Amino acid sequence: MGSFVWHELLTSDLDGAREFYAAVAGWRVEDSGMPGMRYLLGHAGAVPVCGLMAFPEGCLEASPDEGERTGWLGYVGVPDVEAAAEQVRQAGGAIRREPDDIPGIGRFAIAADPEGTVFILFRPSAPPPGERPAPGTPGLFAWNELHTRDGETALAFYAGLLGWQKMEAVDMGAMGTYQCFGLDGVAIGGAFSDPSAAKPHWLHYVAVEDIDAGAARVTKAGGTVAAGPHPVPGGAWIIHARDPQGGAFALVGPRAAG
């Protein structure tokens, strides 16, 4: 508990997003069979790693701005959704949708940190089936990055709520410090104060087998590479990108060219 356990795309064009991410991330995307709604599951190999759905009008309170109705949300696992929701409020955040059940799946609440960055509190009904592939396997979500006005204050909020611990701090020169965080010694993401961001947000990274090949797939499938490839500590490379509907995401992986 306390880590990211699911990622979900809200999009204005579900069929278009399905084709795009299948091409870029290599996911096998299939209908979930969930009654009463069309919800797609993206699989890395045999393992479901994310969901895709059209932006529901009933969730406008979670993203009130028209320009934010396409994008990725991260679900964090908590043992008690109600207790975590109350803790969010007490720490200066907000609950945009009160705790509710997804029949047969789990219980969730839509939350926002004190700067308004949206994330999901989630308690699954049962452990995920099957054995999860090794970290870094292409198609898995590999990193979660918080772009914020005040990285130190933001991380203190999440540390109090989810138990995240500071790990390596990377000096980015004029851009300040990039603070990695994790659980039980395993890094799961990073946070930094980003003055260039229009507003605070989470950016979620998908692992690919080669960053240049991944970037080429983004543009071929109709998306846009916004930044990169750039090297990051540990020998990996990253790009920041947008899908054809405007949803922001990132890719991380090695570079065959060195």
*In region 17-32, how many are part of a helix (DSSP H, G or I) and open to solvent by less than 20 Å² (accessible area, probe 1.4 Å)?*
5
*So, of the residues in region 134-148 that are open to solvent by 40 Å² or more (accessible area, probe 1.4 Å) and not small (Gly, Ala, Ser), which turns out to be nearest to residue 238 (Cα to Cα)?*
143
*Can you give me the number of residues within region 84-114 that are open to solvent by 70 Å² or more (accessible area, probe 1.4 Å) and either within 19 Å of the chain's Cα centre (by Cα) or not polar (S, T, N, Q) (or both)?*
10
*Please go through region 149-169 and pick out each residue that is of a type in the set (A, V, I, L, M, F, W, C) and either assigned to a helix (DSSP H, G or I) or surrounded by 15 or more Cβ atoms within 10 Å (Cβ to Cβ) (or both).*
154, 155, 156, 157, 159, 161, 162, 164, 167
*region 51-82, subset in contact with a Phe, Trp or Tyr (Cβ under 8 Å, 6 or more places away or on another chain) and modelled with pLDDT under 80, residue surrounded by the fewest Cβ atoms within 10 Å (Cβ to Cβ)*: 63
_Selected residue [touching a residue at least 12 places away in the same chain (Cβ under 8 Å) and either part of a strand (DSSP E or B) or surrounded by 19 or more Cβ atoms within 10 Å (Cβ to Cβ) (or both)] from 191, 256, 197_ = 191
_If I go through region 33-50 residue by residue, how many of them are in a strand (DSSP E or B), modelled with pLDDT under 95 and small (Gly, Ala, Ser)?_
1
*For the subset of region 1-23 comprising residues that are over 17 Å from the mean Cα position of the chain (by Cα) and among the acidic types (Asp, Glu), which member is farthest from residue 56 (Cα to Cα)?*
19
*Filter region 213-232 down to residues that are touching a Phe, Trp or Tyr at 6+ places or on another chain (Cβ under 6 Å) and part of a helix (DSSP H, G or I), then give me how many there are.*
0
*Just checking, which of 227, 250, 236, 216 is aliphatic (A, V, I, L, M) and open to solvent by 40 Å² or more (accessible area, probe 1.4 Å)?*
216
*What is the one condition in (1) in contact with a helix residue (DSSP H, G or I) (Cβ under 7 Å, 6 or more places away or on another chain); (2) open to solvent by 60 Å² or more (accessible area, probe 1.4 Å); (3) of a type in the set (Val, Ile, Thr) that residue 11 does not satisfy?*
(2)
*Conditions: (1) farther than 14 Å from residue 203 by Cα; (2) modelled with pLDDT of 85 or more; (3) open to solvent by 20 Å² or more (accessible area, probe 1.4 Å). Residue 127 meets all but one. Number of the miss?*
(2)
*State which residue pairs qualify: first residue at positive phi and inside region 99-120, second residue open to solvent by less than 30 Å² (accessible area, probe 1.4 Å) and among the aromatic types (Phe, Trp, Tyr) in any location, beta carbons under 6 Å apart, and separation of 6 or more residues or different chains.*
106/122
*Looking only at region 184-194, decide whether some residue is under 23 Å from residue 3 (Cα atoms), at pLDDT below 95 and of a type in the set (S, T, N, Q).*
yes
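The values are calculated or read from the model by the stated rules, or taken from the named source; none is laboratory data. In this text the structure is predicted, and so the values were computed from the model without any measurement. Neighbour counts run over all protein chains shown; Cβ positions are idealised from the backbone, glycine included. For accessibility, only protein heavy atoms count, side chains too; no ligands or nucleic acids. Shrake-Rupley method; radii C 1.70, N 1.55, O 1.52, S 1.80 Å.
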